[in-house]
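The values are calculated or read from the model by the stated rules, or taken from the named source; none is laboratory data. Keep in mind the model is a prediction, meaning the values are calculated, not measured. Ideal geometry is used to build each Cβ from the backbone, glycine not excepted, and the neighbour counts take in all protein chains shown. Please note that ligands, DNA and RNA were not included when accessible areas were found on the heavy atoms of the full protein model with its side chains. Shrake-Rupley method; radii C 1.70, N 1.55, O 1.52, S 1.80 Å.
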Amino acid sequence: MNRRDVLIVGGGPTGLAAAILAAEQGLSPVVVEPKLNVIDKACGEGLMPAGVRALHRLGVRPEPARPFYGVRYIDGAHHATAAFTEGPGLGIRRTVLHQALLTRAQDLGVQFVHERAGEITQDDDQVSILVGNRSRLSGRWLLAADGLRSPIREQLGLSKPPRRTARLGMRQHVEMAPWTDMVEVHWRPGVEAYITPVADNLVGVAMLYTRDALPPGDQPPFRRLLAKFPDLWDRVQGAPIGSQARGAGPFEQRVRRRSQGRVLLIGDAAGYLDPITGEGLKLGFQGAAAAVACILVGKPQAWEWAWRRITAEYWLGTGALLALSQVPALRSRLVPTLAKVPGLMPAALHRLG
């Protein structure tokens, strides 16, 4: 066996952030990730101000990227806007972000094993994992950053069944100059469209929806969803497509607990509700820092409480917004109410940002 301080399964943003932080603390991390190249993913690609600060603390300042200065909710003729008060957010292609994190990890000497992670065994002193079909890696700790449907979480029996209506996501880009310096959230029954400027000539369009909100038809699913937003349809019609459509979800992932012995679940593997508030990357970076801090002092049991502290507002706010959005009469009043009550949306955005 090859012994390391910490094994990190999953080479996405959260896993790479954990590897960077561990290396900066003098640990010897190894990342187990079967994909050789930069990993793309369907997401809104908007990093909230707290997430930008967490990214900069990792020593990562990716380019190209585009700042945005707040969030605007749009429901027909009703608009509600709130600006950030603690610096801008950052719109950035997922591939650009991943490459920047990967370069930073490589510069710090993080090692990579490009194999699929398999069976885990552990005792009081170490944890080991089968890589590919040939050998085992062992380490003092294992951080599982292997995504929404975490195989490690399933292997350890830590998953719980979902409780809410399944929500799905889809994302595509159009090649055009951004028309806004905000993230725009357009509302329709059963679906939201998130508009994020990610470069000077590229705009991300992401959809969050329930299955029954997808209209029938012969057009590709993304176009059928986009057609529910006539203003957006008219704006992007004719613009070159900047990426293929990618899907994600169902999103809700409930977890019995976030550690077992020397294994800690981090990022989406540790539990997730919905991307509706745009906090996934921020929580991933903050959680990676807290998890590394727990293993540095040898207290994996502290990770559960650290995770709850970091994500408490996310679960409360996201759960409330989802509950509201699933009641048609309340959903239809959300944006008009935000527009009419001064300070309501800025206060909520301040807590998220």
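A few notes on this one:
- Qualifying position, being in contact with a strand residue (DSSP E or B) (Cβ under 7 Å, 6 or more places away or on another chain) and open to solvent by 30 Å² or more (accessible area, probe 1.4 Å), among Arg93, Arg53: Arg93
- Residue within region 205-219 that is surrounded by 20 or more Cβ atoms within 10 Å (Cβ to Cβ), of a type outside the set (Gly, Ala, Ser) and over 18 Å from the mean Cα position of the chain (by Cα) present: no
Yes/no matrix, rows are residues, columns are (1) open to solvent by less than 10 Å² (accessible area, probe 1.4 Å); (2) touching a residue at least 24 places away in the same chain (Cβ under 8 Å); (3) of a type in the set (D, E, K, R):
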position	(1), (2), (3)
Lys35	no, yes, yes
Pro49	yes, yes, no
Pro67	no, yes, no
Gly89	yes, yes, no
Ala100	no, yes, no
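- Qualifying residue in region 80-97 (condition: touching a helix residue (DSSP H, G or I) at 6+ places or on another chain (Cβ under 9 Å), over 24 Å from Arg4 (Cβ atoms) and part of a helix (DSSP H, G or I)): yes
Yes/no per residue for (1) of a type in the set (A, V, I, L, M); (2) open to solvent by less than 20 Å² (accessible area, probe 1.4 Å); (3) over 30 Å from Pro62 (Cα atoms):
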position: Leu137; (1), (2), (3): yes, yes, yes
position: Leu156; (1), (2), (3): yes, no, yes
position: Arg163; (1), (2), (3): no, no, yes
position: Arg171; (1), (2), (3): no, yes, no
position: Glu175; (1), (2), (3): no, no, no
position: Asp181; (1), (2), (3): no, no, no
position: Trp187; (1), (2), (3): no, yes, yes
position: Tyr194; (1), (2), (3): no, no, no
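- Residue match in region 134-148 (condition: within 21 Å of the chain's Cα centre (by Cα) and not aliphatic (A, V, I, L, M)): yes
- Candidates Arg57, Arg94, Arg61 - the one that is in contact with a Cys (Cβ under 8 Å, 6 or more places away or on another chain) and either without any contact (Cβ under 8 Å) to a residue 24 or more places away in the chain or not polar (S, T, N, Q) (or both): Arg94
- Inside region 290-333, residues that are open to solvent by less than 70 Å² (accessible area, probe 1.4 Å), at negative phi and not in a helix (DSSP H, G or I) make up a count of 2.
- Total residues in region 157-208, condition touching a residue at least 40 places away in the same chain (Cβ under 8 Å) and in a loop (DSSP other than H, G, I, E, B): 17
- Of the residues Asp146, Asp124, the single one that is in a loop (DSSP other than H, G, I, E, B) and either hydroxyl-bearing (Ser, Thr, Tyr) or exposed (fewer than 13 other Cβ atoms within 10 Å of the Cβ) (or both) is Asp124.
- Unique match (being in contact with a Gly (Cβ under 9 Å, 6 or more places away or on another chain) and either free of Cβ contacts under 8 Å to residues at least 12 places away in the same chain or within 29 Å of Glu192 (Cβ to Cβ) (or both)) among Ile20, Ile39, Ile8: Ile39
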